[in-house]
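One structure is given here, and the rest of the page talks about it.
Just so you know, all these numbers are worked out from the coordinates, no wet-lab data involved. Source: prediction; values computed, not measured. Cβ: placed from backbone, ideal geometry, glycine included. Neighbour counts: every protein chain shown.
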């Protein structure tokens, strides 16, 4: 990867901006020497971090913006009032061709709306989706949509499958990722007709993916497939249920380890291996959700992450730019007469 | 609870029937001395268990049936071919007033379909739902629908809220259970219009429940509410995601504990407290999902549970019969002009 990549960074997005953002970029600057940064935000707050880090200063350019999109602004407020915000300007840099991709830890809804307005969706794609990676029993699993589209059409689901497969190929180099449609049973007749139609189209299509069919909620982390496709409502609830379950177990274990002297002693002995498990499932490690389907690379970092987490989100953007995700999506879509396939399915169902 | 309760048992349902079923009933017979059993299934397979247990034999009556509904039968097959099955006959006993409730570890879809055909839904209830209890950070949480209705109307969601609150009141004695609607954000404008309409109706209603509003996936196990209401698709995926996450962590921990001599030693020291955590989250402890909204009590046990788990499912049926769940649902529904409320909401939205 010798190509120089320029990323625009919303330095003011997230809970502890610009601190964690700047420290995250500093970390990323060690990991990805081929990347240059355009930093959007309040110059007087950003500059001190650059003055501390000569290397970072050399490869960064600060673009001052006064306004900040806050976490509690709703989407229409953000769009109306945020044209001079660090978020908007950072996205605009991608649209204008100054940067290859944008990373923000700010308000998710505003970021998606501004990215759609500025970058537009890829030709042939109806709706962008939020896509991210999680640990599974056998490695990692990508899942989309995680919340951009509460309701989806057959067409959306098929596009998500194409985009998710391309994302996984770019992230992990798998040639034919195994793709599953999330359902409430694995038999062909299960679920809504939307799911059955999407499954039929994917089964008959000539795409660079291995369509596994339907999967259930417990398959996500079992590693049954490489890519899990679902609507944004189900995806978001499922992701957050997993987070809640992990928290429940962590809390139960923590209080158990404190409950007796023997347990405290045992905890000291298992602490090193426990740390390995924590590292393996560390949310920071999986930080960085891609807004896939946009005509440009936009990555959302968790707002409450730290420098390490933000650097990982930068890494997702670097991978997507370096491996030219969007061209591969475009190339796959030409294999697929999606409008025709959806019509055929609907006709078959109503006949 | 001095009232004598009669339960009909599908002795042939589940992975290791009638063995685990009979051992489960034997366990339940110690816990619930007020219960009598009607055991439906193959007499020559059931009788040996009764011959071993004088107490159980005294309070049980065997009703021979030849046929068994299998796990791989689809619903229409089961309905067509299963009129002489242990499952059908056990349900029929409730319909005919011979038993107060039925417990089966058999095919979920067939059980729900047969229960609906025989028992019918409660007056005023459009659709029955699958309801169960899970551990949360502060105690327990009930959730419905877990998979009976892949798509739901506003009316269904409001009915689920009423039924879930009555279920929780019967299970745990809480007077005003806190009820949350599962969504992808907690703001009033989030999610589908179905959810917003259901929330508005619940907010304005005069029911014996404390409507909390929208919750997200990570609230389920955080204990934010006592009852989680959702459609059967989302509920099923969420439940199975939680199961998959728990399995992932268990597997990671198991292999970590084996990874070094120190870790093995530490594991021996923490084993007793780890067992406490396992007990607290033991799926057998939460076994027994109620088909709520039927004109009778029907409880589904997990097909792969053991005697302890089956006895817990019997316990759910006992609680529901003893605390007269269905009368309390009926009483709550009279507070609610649900048809009128749904119409008002729809008119408000399209105005």
When DSSP beta bridges are limited to those with both residues in the protein assembly as shown, what percentage is antiparallel, rounded to the nearest 5? 30 percent
I'd like the mean, over residues of A:214-222, of how many other protein chain beta carbons sit within 10 Å of each residue's own Cβ. 6
If you put a point 7 Å past Cα along the Cβ direction, how far is that point for residue A:308 from the same point in each other copy, in nm, smallest first? 3.7
Bins of 5 Å, beginning at zero and ending with the bin holding the largest distance: percent of Cα pairs per bin for the stretch A:223-351, please. 2, 8, 10, 14, 16, 14, 10, 8, 7, 4, 3, 2, 1, 0, 0
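So if each residue of separation counts as 0.36 nm, and I subtract the Cα-Cα distance between residue B:347 and residue B:192, what length gain in nm does that give?
Gain on extension, residue B:347 to residue B:192, equals 54.2 nm.
Expected output is a single nm value to one decimal: the length gained when fully extending between residue B:282 and residue B:51, i.e. 0.36 nm times separation in residues minus the C-alpha distance. What is it? Please list the in-between numbers first.
Working: separation 231, 0.36 × 231 = 83.16 nm, distance 3.10 nm.
Separation in residues times 0.36 nm, less the Cα-Cα distance, equals 80.1 nm.
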Top mean-square fluctuation among B:233, B:291, B:310, Gaussian network model of chain B, C-alpha springs under 10 Å? B:233
Taking the simple approach of a point 7 Å from Cα along Cα-to-Cβ for both residue A:83 and residue B:43, what is their distance in nm? 8.6 nm
Between A:305, A:121, A:281, which gets the highest mean-square fluctuation from a Gaussian network model of chain A, Cα cutoff 10 Å? A:281
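If you restrict to DSSP beta bridges whose two residues both lie in chain B, what percentage is antiparallel, to the nearest 5?
30 percent
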Which log10 I(q)/I(0) values does the stretch A:1-119 give at q = 0.15, 0.19 Å⁻¹ under the Debye formula, counting every alpha carbon as one identical point scatterer? -0.60, -0.94
Contact order relative to length of the stretch B:1-119, as percent, for alpha carbon pairs under 8 angstrom and 6 or more apart: 34 percent
Mean other chain Cβ within 10 Å across B:181-190 is 3
P(r) of chain A over all Cα-Cα pairs, binned every 10 Å from zero, in whole percent: 5, 24, 30, 23, 12, 4, 0, 0
If the chain between residue A:137 and residue A:264 were fully stretched, how many nm would it gain, using 0.36 nm times the residue separation less the Cα-Cα distance? 42.9 nm
Label-point separation (nm) for residue B:58 and residue A:15, each offset 7 Å from Cα along Cα-to-Cβ? 6.1 nm
Please check: in the Gaussian network model of chain B (C-alpha springs, under 10 Å), which one of B:298, B:289, B:26 has the largest mean-square fluctuation. B:26
For residue B:70 and residue A:334, what is the calculated FRET efficiency with R₀ set at 51 Å and r taken between the beta-carbons, to the nearest 0.05? 0.65
Assuming a ≥ b ≥ c are the square roots of the Cα gyration tensor eigenvalues, decide whether the stretch A:187-231 counts as rounded (a/c under 1.5), prolate (otherwise, with a/b larger than b/c) or oblate. oblate
When the helices in the protein assembly as shown are scored as -39500 (n - 2.57) per DSSP H run of 4 or longer and the sum is shared across all residues, what 222 nm value do you end up with, to the nearest 500 deg cm²/dmol? -15500 deg cm²/dmol
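Where Rh denotes the Kirkwood radius from the mean inverse Cα pair distance, what is Rg over Rh for the protein assembly as shown? It would help to have the intermediate numbers written out before the result.
On the way: Rg = 27.5 Å, Rh = 27.3 Å.
Here the Rg-to-Rh quotient is 1.01.
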Along Cα→Cβ at 7 Å, what distances in nm separate the residue A:192 label point from those on the other copies, shortest first? 0.5
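If I take every Cα pair under 8 Å that is 6 or more residues apart in chain B, average their sequence separation and divide by the length, what percent do I get for the relative contact order? Don't skip to the end; give the middle numbers.
Values: 692 pairs, mean separation 78.4, N = 351.
Relative contact order, chain B: 22 percent.
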Counting partner chain Cβ atoms within 10 Å of every residue's Cβ in B:247-255, what's the average? 6
At residue B:337, label 7 Å along Cα→Cβ: distances to the other copies, nm, ascending? 5.6
